[in-house]
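Below: one structure, written as structure tokens.
No lab work stands behind these numbers, since they all come straight from the coordinates. Bear in mind the structure is a predicted one, so any value in this text is a computation, not a measurement. Cβ placement follows ideal geometry from the backbone for every residue including glycine, while neighbour counts extend to all protein chains displayed.
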2 protein chains.
Amino acid sequence: MYKQAIVIRKDLGISSGKQAGQVSHASVSAYEKTKKTNPEIAQAWFTEGQKKIVLKVQNESELLDYFNQCKRAGIPCELIRDAGHTQLEPNTLTCFGAGPWDEKEIDKILGKLKLL
Amino acid sequence: MYKQAIVIRKDLGISSGKQAGQVSHASVSAYEKTKKTNPEIAQAWFTEGQKKIVLKVQNESELLDYFNQCKRAGIPCELIRDAGHTQLEPNTLTCFGAGPWDEKEIDKILGKLKLL
């Protein structure tokens, strides 16, 4: 079973709509990344109904820590920087998307994080 | 300029994480739909940085009304039904994604809705 995880900072102070926009951005970007490296996984995930979870971390340093762990494990990941047109300073790191990828591999790294 | 809009019901009573997951689902699905019908628009939008807005409606009937208006206007759209494993009843209509598509065409129909 394949799953996508999106990890977002809780310390951004943004609206739930802005949050949903950032998470979507990470979702589409990580999906495209997996599609390039492992198209059969991306396709299977999409067909299975796009299983995904949205998780939270406390700040930028935690975000980068988990992002780097996922990258080192070979999971296709994309880190999102907000352009800063509205609620955030330009280039704020907001979230990252990981996979779709093997659910167990994702959980091994991100399984201890809480749901947003 | 191309834009994607995601429209979600405000009466679902779900967590902001669940909300972000539903919005992402609509975002990926509508993106794939546009890719099939208008691959050059999907590609341009992705390269331009995925401009998107998340908008709200009050209930299911408003959701369907705007969804049908977008469809009639020829905008690639995908309506999302939640599988209902966690916070919602099975098959609850939660949101829809429209485009990426020409920004003016999107705004003509959805421009009066409020941001989530």
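Per-residue mean of foreign Cβ neighbours for B:1-11 is 1 (Cβ atoms of other chains, 10 Å radius). Between the Cα long axis of helix A:60-72 and the first principal axis of chain A there is an angle of about 20°, rounded to the nearest 10. Label-point spacing for B:Gln69 across the identical copies (point 7 Å from Cα in the Cβ direction), in nm and ascending order: 4.6. Here the Karplus curve 6.51 cos²θ - 1.76 cosθ + 1.60, taken at θ = phi - 60°, turns the phi angles of segment A:87-96 into couplings of 8, 10, 5, x, 6, 5, 6, 10, 6, 9 Hz, with x standing for Gly and Pro. Using 0.36 nm per residue and subtracting the Cα-Cα separation, the extra length available between B:Asp65 and B:Thr86 on full extension is 4.9 nm.
The listed peptides A:15-24, B:34-43, ordered by packing as a protection proxy, come out as A:15-24, B:34-43 (highest mean of other Cβ atoms within 10 Å first). When the listed pairs A:Lys51/A:Lys108; B:Lys36/B:Lys112; B:Lys35/B:Lys114; A:Lys10/B:Lys114 are checked against a 21 Å cut-off, the alpha-carbon distance exceeds it for B:Lys36/B:Lys112; B:Lys35/B:Lys114; A:Lys10/B:Lys114. FRET efficiency for the B:Lys108 to B:Asp11 pair, using the beta carbon distance and R₀ = 30 Å, is estimated at 0.75.
Estimated from helices alone, the mean residue ellipticity of the protein assembly as shown at 222 nm is -14500 deg cm²/dmol (sum of -39500 (n - 2.57) over DSSP H runs with n ≥ 4, per residue). Here the Karplus relation 6.51 cos²θ - 1.76 cosθ + 1.60, evaluated at θ = phi - 60°, turns the backbone of segment A:30-47 into coupling constants of 5, 4, 5, 5, 4, 4, 6, 8, 9, x, 5, 5, 4, 5, 4, 4, 4, 5 Hz, with x for every Gly and Pro. Annotation: amide H-H contacts under 5 Å for B:Thr92 (H modelled 1.01 Å from N, sequence separation of 5 or more, or interchain): B:Asp82.
Taking a straight line from the alpha carbon of A:Lys56, these aspartates and glutamates sit under 15 Å away, with near neighbours fewer than eight places off in the same chain left out: A:Asp11, A:Asp65, A:Asp107. Each residue of segment A:102-116 was assigned a 3J(HN,Hα) from its phi angle through the Karplus curve 6.51 cos²θ - 1.76 cosθ + 1.60 (θ = phi - 60°); the sequence is 3, 4, 5, 5, 5, 5, 4, 9, 9, x, 8, 6, 8, 5, 4 Hz, with glycine and proline shown as x. Where in segment A:85-116 is the amide nitrogen less than 12 Å from a point lying 7 Å along the Cα-to-Cβ axis of A:Ala73? From segment A:85-116, the list is A:98-99, A:101-113. Within 10 Å of the Cβ of each residue in B:22-34, the mean number of Cβ atoms contributed by other protein chains is 5. Cβ-to-Cβ counts within 10 Å put A:Ser27, A:Ser61 in ascending order as A:Ser61, A:Ser27, the fewest first.
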